[in-house]
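The values are calculated or read from the model by the stated rules, or taken from the named source; none is laboratory data. Keep in mind it's a predicted model, so treat the numbers as computed, not measured. A quick note on method: Cβ atoms are made from the backbone with ideal geometry, for glycine too, and the neighbour counts reach across all protein chains shown. Only protein heavy atoms, including side chains, enter the accessible area calculation; ligands, DNA and RNA are left aside. Shrake-Rupley method; radii C 1.70, N 1.55, O 1.52, S 1.80 Å.
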Amino acid sequence: MATAPATDWVPLLRPELPSPQTLLPWLERMHAARHYSNFGPLVQSLEQELAARLEVDAQQVTTVANATLGLELVLQALDLPAGSRVLVPAFTFVATATAILRAGHVPVLTDVDADHWMLTPELARQACAQAPIDAVLPVAAFGMPHDMAAWQRFEQESGLPVVIDAAAAFGSQRLNGARGTLVFSLHTTKSLPAGEGGLVVSTRPGLASRVRQLSNFGINLAPDSGLPVGALTMCGSNAKMSEYHAALGLASLQAWDRQAVQRQALMADCMSQLSHVSRNQLRWQVQGPGGALLAPTSLCVRLPDEAARAQLEQACQQARITTRRWYQPLLQHMPALQQRCHVLPTPNATALAQTLLGLPFFLGMAREQRLRVEEAVGSVFASQLAASGVACSA
Ligand SMILES: *Cc1c(COP(=O)(O)O)cnc(C)c1O
């Protein structure tokens, strides 16, 4: 009892980064090369390895400092007129919208599917009938992959560029032979952690290389471009991934396959236990048309109603369990975004934002921690059962 006080908070996440010993050989390589940034050997190795895993050419990928800047620079590289309207789901992390605004465009917020919580080509078609749209930025919600063949058809029919915010979806989202543009995050809390980092993947001719140039201020480094090497030919930013971060990414990759399988198993186990203690009252993100979530990094439960979510939040608070309302409030309710977005109806996203809660999820969760979460969830449904007679007669 003295060794494991039950009063320690259960964290929401516990990042799984490479140990110093695993990292050391990569740092030795970096130091021997005396190359610490600016597309050094480790960044090149990481890009090659990720391109191979994603089955695209190395010229179709480029690393960036993070996914947010990756999205911003992809939007810049698309060369849309200033003030273009970019369709985006209302239910996402704030960076999806800030990237659009910082690229000089207007987010147009729309709804998501009620079951897999994502924008679909069908929902995008409906949105395009309601408002003028110039580009579409769907999100791989919590890492759930999109059906890229379906988005490719949408791009062909509509003529609108589609960029997938696949920040949380490394290992789940692939192109599977379709054409498309994906932006992954290598942040500490995502599927392939490198501390900070991002990866842009695109089959659009020249897009990845334009993003690469934009990530290095916009300086032209291509001798075959017809423009002087060293000249600033685009106004970019500094969004390069350093060799230190590439070292972390490469070391993470060594453990990635094993950890992804473990996270998948842990997720299945948590879902089944929590379903059981809730008497099957919880709902989960359903697999989308793009296939299975192969590398989960977060656990979201959907409660039957807003009151049950409030009860679960309270039960967790009392039991010292950290929770998070992931992707909430919806973008249209964020003070900094409210006046700057165009908002279409979002009934499914609104319902999600009333009932969704993120619970602790990380490799190495102790049995005691898992039991504590199960007990908190169970307590909500035990008291609901007691109150259900009242609810039915009301
Ligand atoms: C994490 C996340 C981002 C931001 O990624 P960074 O690499 O931290 O910039 C953007 N969009 C979504 C959906 C995310 O989950």
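Which residue is farthest from Ala95 (Cα to Cα), if the candidates are limited to the stretch 145-160 and must be away from the ligand (no atom under 16 Å from the Cβ) and not in a helix (DSSP H, G or I)?
Of everything passing the filter in the stretch 145-160, Gly159 is farthest from Ala95 (Cα to Cα).
Listed here are the residues, each with its yes/no results for (1) assigned to a helix (DSSP H, G or I); (2) within 22 Å of Pro335 (Cα to Cα).
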{"position": "Glu49", "(1), (2)": "yes, no"}
{"position": "Glu55", "(1), (2)": "no, no"}
{"position": "Leu87", "(1), (2)": "no, yes"}
{"position": "Thr92", "(1), (2)": "no, yes"}
{"position": "Ile100", "(1), (2)": "yes, yes"}
{"position": "Val108", "(1), (2)": "no, yes"}
{"position": "Trp117", "(1), (2)": "no, no"}
{"position": "Ala129", "(1), (2)": "yes, no"}
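For the stretch 15-45, name all the residues that are closer than 19 Å to Asn238 by Cα, in contact with a helix residue (DSSP H, G or I) (Cβ under 8 Å, 6 or more places away or on another chain) and not β-branched (Val, Ile, Thr).
Going through the stretch 15-45, the residues closer than 19 Å to Asn238 by Cα turn out to be 35-44.
Still in the running and in contact with a helix residue (DSSP H, G or I) (Cβ under 8 Å, 6 or more places away or on another chain): 35-37, 39-43.
Within the stretch 15-45, His35, Tyr36, Ser37, Phe39, Gly40, Pro41, Leu42 qualify.
Could you count how many residues in the stretch 277-292 are in a loop (DSSP other than H, G, I, E, B), under 16 Å from Pro138 (Cα atoms) and open to solvent by less than 70 Å² (accessible area, probe 1.4 Å)?
The qualifying residues number 1.
Can you pull out the residues in the stretch 312-323 that are out of contact with any Phe, Trp or Tyr (no Cβ under 9 Å at 6 or more places or on another chain) and of a type in the set (S, T, N, Q)?
Pass one, the stretch 312-323, residues out of contact with any Phe, Trp or Tyr (no Cβ under 9 Å at 6 or more places or on another chain): 312-319, 323.
Across the stretch 312-323, the qualifying residues are Gln314, Gln317, Gln318, Thr323.
Read through the list (1) closer than 18 Å to Leu75 by Cβ; (2) part of a loop (DSSP other than H, G, I, E, B); (3) open to solvent by less than 30 Å² (accessible area, probe 1.4 Å), then give the number of the only condition that Met241 fails.
Tallying (1) closer than 18 Å to Leu75 by Cβ; (2) part of a loop (DSSP other than H, G, I, E, B); (3) open to solvent by less than 30 Å² (accessible area, probe 1.4 Å), Met241 fails exactly one: (1).
For the stretch 114-134, give me the residue count where each residue is surrounded by 15 or more Cβ atoms within 10 Å (Cβ to Cβ) and away from the ligand (no atom under 16 Å from the Cβ).
Quick first cut of the stretch 114-134, residues surrounded by 15 or more Cβ atoms within 10 Å (Cβ to Cβ) only: 116-121, 123-124, 127-128, 133-134.
With the extra rule that they be away from the ligand (no atom under 16 Å from the Cβ), the set shrinks to 120-121, 123-124, 127-128, 133-134.
Residues that pass the stated criteria total 8.
Given the criteria surrounded by 20 or more Cβ atoms within 10 Å (Cβ to Cβ) and within 14 Å of the ligand (Cβ to nearest atom), does Val74 qualify? Lay out the reasoning, then the answer.
Details: surrounded by 20 or more Cβ atoms within 10 Å (Cβ to Cβ): yes; within 14 Å of the ligand (Cβ to nearest atom): yes.
Judged against the criteria, Val74 is a match.
With the checklist (1) open to solvent by 80 Å² or more (accessible area, probe 1.4 Å); (2) out of contact with any Gly (no Cβ under 8 Å at 6 or more places or on another chain); (3) modelled with pLDDT of 95 or more in hand, flag the one item Arg14 doesn't pass.
Here Arg14 clears every test but (2).
Consider the stretch 161-191. How many of its residues are in a loop (DSSP other than H, G, I, E, B), away from the ligand (no atom under 11 Å from the Cβ) and surrounded by 18 or more Cβ atoms within 10 Å (Cβ to Cβ)?
Let us first name the residues in the stretch 161-191 that are in a loop (DSSP other than H, G, I, E, B), namely 161, 163, 166-180, 186-191.
Right, trim to away from the ligand (no atom under 11 Å from the Cβ) and you get 161, 163, 171-180.
From what's left, surrounded by 18 or more Cβ atoms within 10 Å (Cβ to Cβ): 161, 163, 171-175, 180.
Count: 8.
Looking at (1) on the phi < 0 side of the Ramachandran plot; (2) open to solvent by 10 Å² or more (accessible area, probe 1.4 Å), can you tell me which one Val88 breaks?
(2)
Would you mind telling me which numbered condition in (1) in contact (Cβ under 8 Å) with a residue 60 or more places away in the chain; (2) within 20 Å of Arg102 (Cα to Cα); (3) open to solvent by 70 Å² or more (accessible area, probe 1.4 Å) Ala65 fails?
In the conditions (1) in contact (Cβ under 8 Å) with a residue 60 or more places away in the chain; (2) within 20 Å of Arg102 (Cα to Cα); (3) open to solvent by 70 Å² or more (accessible area, probe 1.4 Å), Ala65 misses (3) alone.
List the number of the failed condition for Leu101; all other conditions in (1) more than 21 Å from Gln287 (Cα to Cα); (2) hydrophobic (A, V, I, L, M, F, W, C); (3) open to solvent by less than 10 Å² (accessible area, probe 1.4 Å); (4) within 16 Å of the ligand (Cβ to nearest atom) hold.
(3)
Under the condition of being within 16 Å of the ligand (Cβ to nearest atom) and hydrophobic (A, V, I, L, M, F, W, C), which residue from the stretch 315-340 is surrounded by the most Cβ atoms within 10 Å (Cβ to Cβ)?
Initial filter on the stretch 315-340 (within 16 Å of the ligand (Cβ to nearest atom)): 324-331, 334, 336-337.
In the following step, the residues that additionally are hydrophobic (A, V, I, L, M, F, W, C) were identified as 326, 330-331, 334, 336-337.
On the way: Trp326: 19, Leu330: 20, Leu331: 27, Met334: 15, Ala336: 11, Leu337: 21.
Going through the qualifying residues, I end up with Leu331.
Please work out which one of (1) modelled with pLDDT of 95 or more; (2) outside any helix (DSSP H, G or I) is the condition Leu266 fails and give its number.
Among (1) modelled with pLDDT of 95 or more; (2) outside any helix (DSSP H, G or I), Leu266 violates only (2).
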